[in-house]
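The values are calculated or read from the model by the stated rules, or taken from the named source; none is laboratory data. As the structure is a prediction and not an experimental result, all values here were calculated from the model. A quick note on method: Cβ atoms are made from the backbone with ideal geometry, for glycine too, and the neighbour counts reach across all protein chains shown. For accessibility, only protein heavy atoms count, side chains too; no ligands or nucleic acids. Shrake-Rupley method; radii C 1.70, N 1.55, O 1.52, S 1.80 Å.
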Amino acid sequence: MRIIFFSLILILQIKVLNALEFQGKFEQGSFILGKTSPDSKIQIDSKKIRVSKDGFFAFGLDRDRKNDVVIKVTKDGETKTLQKKVFKREYKIQRIDGLPPKQVTPPPEVYERIKKDNKLIGKARSLDTPYDFFKDKFIYPIDKYIITGVYGSQRILNGKPRRPHYGIDFHAPEGTPVKAMMDGEVTLAEDDMYFTGGTIIFDHGHGVSTLYMHMKDINVKVGQKIKQGQIVGTLGQSGRATGPHLDIRLNWFNIKLDPKTILD
């Protein structure tokens, strides 16, 4: 009887894990798309996360994450824990010299402005809406470009190490139309933030958001629903930009991810 009992438990655990699928590499900086049965509950590390009515969920891995991911899935009263190893990435070092001092170290008089900007951005990134746009294929924001900056690279400005770059820089002529990479809702649209200049944030659901920086023109407003491919503004060099480019960021709540993991 005991053998039969434990065999039934094992069968249930196998069924729970068989109902779990992942798309994306388990490596630093990656966006992971998950699929399970709609009635399952998912916990990533210690965080309970939303599962869509079709069984989709999403999460991301920090740039410098070292620990395994602990995934708990509960279905029909049975919980199974799965651990996934996170693989390390090598990042590029980027040196930029000859910048004006104020572009390396902001003057004290703008600290309050920077604090206000960060609060607005943090609020937009914290949303956990039931939208499930994140599960579909994202497109590139402009058609013709040169990539001049990549995720995770460590920038050394005028010889001083700075925080890593958390986006992709697309160089193109100023005024180039910028497209929405995916359906979503505008949660932030600011013309003049200190670091990021013209800035837009789009919510794609379940804590997944994209951020567009250094825009010249912004053609959307907060609360507006947008469609993939819609022109949302034009590329510029606003904020702390050394030339015309579009800096794209991807976030899962406050975790900064590599946008390339949703584009390729």
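Name the single residue, out of those in segment 47-75 being touching a residue at least 60 places away in the same chain (Cβ under 8 Å) and open to solvent by less than 40 Å² (accessible area, probe 1.4 Å), that is farthest from the chain's Cα centre (by Cα). For segment 47-75, the residue satisfying everything is S52.
The combined condition, being in a strand (DSSP E or B), open to solvent by 60 Å² or more (accessible area, probe 1.4 Å) and not small (G, A, S), is fulfilled by T81. Would you confirm, using the coordinates I've provided, whether T199 is open to solvent by 10 Å² or more (accessible area, probe 1.4 Å), assigned to a strand (DSSP E or B) and closer than 29 Å to T105 by Cα? The answer is no for T199.
Only a single item in (1) crowded, with 16+ Cβ neighbours inside 10 Å; (2) within 21 Å of G29 (Cα to Cα); (3) charged (D, E, K, R) is not met by R163, and it is number (1). Given the structure, is D203 closer than 24 Å to G60 by Cβ, in contact with a helix residue (DSSP H, G or I) (Cβ under 7 Å, 6 or more places away or on another chain) and modelled with pLDDT of 95 or more? Criteria not met by D203. For segment 103-114, the set of residues classified as surrounded by 13 or more Cβ atoms within 10 Å (Cβ to Cβ) and either assigned to a loop (DSSP other than H, G, I, E, B) or without any contact (Cβ under 8 Å) to a residue 24 or more places away in the chain (or both) consists of V104, P106, listed by residue number. Could you tell me whether segment 237-247 includes any residue that is open to solvent by less than 10 Å² (accessible area, probe 1.4 Å), under 27 Å from K88 (Cβ atoms), at pLDDT below 95 and part of a strand (DSSP E or B)? Looking through segment 237-247, none of the residues is open to solvent by less than 10 Å² (accessible area, probe 1.4 Å), under 27 Å from K88 (Cβ atoms), at pLDDT below 95 and part of a strand (DSSP E or B).
Selection of segment 38-71 for residues being hydroxyl-bearing (S, T, Y) and in contact with a strand residue (DSSP E or B) (Cβ under 6 Å, 6 or more places away or on another chain) yields only S40. Residues that are of a type in the set (A, V, I, L, M, F, W, C) and under 18 Å from H245 (Cβ atoms) within segment 105-144 comprise just one, I142.
Looking across segment 25-35 at every residue that is in contact with a helix residue (DSSP H, G or I) (Cβ under 9 Å, 6 or more places away or on another chain) and open to solvent by less than 10 Å² (accessible area, probe 1.4 Å), the one that is nearest to T261 (Cα to Cα) is identified as S30.
Evaluate the following for D183: is it at pLDDT 95 or above and either open to solvent by 10 Å² or more (accessible area, probe 1.4 Å) or under 14 Å from the mean Cα position of the chain (by Cα) (or both)? Here the answer is yes, as D183 does meet what is asked. Against the criterion of being farther than 20 Å from L250 by Cβ and either in contact (Cβ under 8 Å) with a residue 60 or more places away in the chain or in contact with a strand residue (DSSP E or B) (Cβ under 8 Å, 6 or more places away or on another chain) (or both), D117 does not qualify. If the condition is being acidic (D, E) and assigned to a strand (DSSP E or B), then segment 129-170 contributes only D169. Based on this model, can you work out whether T234 counts as part of a strand (DSSP E or B) and farther than 23 Å from D136 by Cβ? Yes: the conditions hold for T234.
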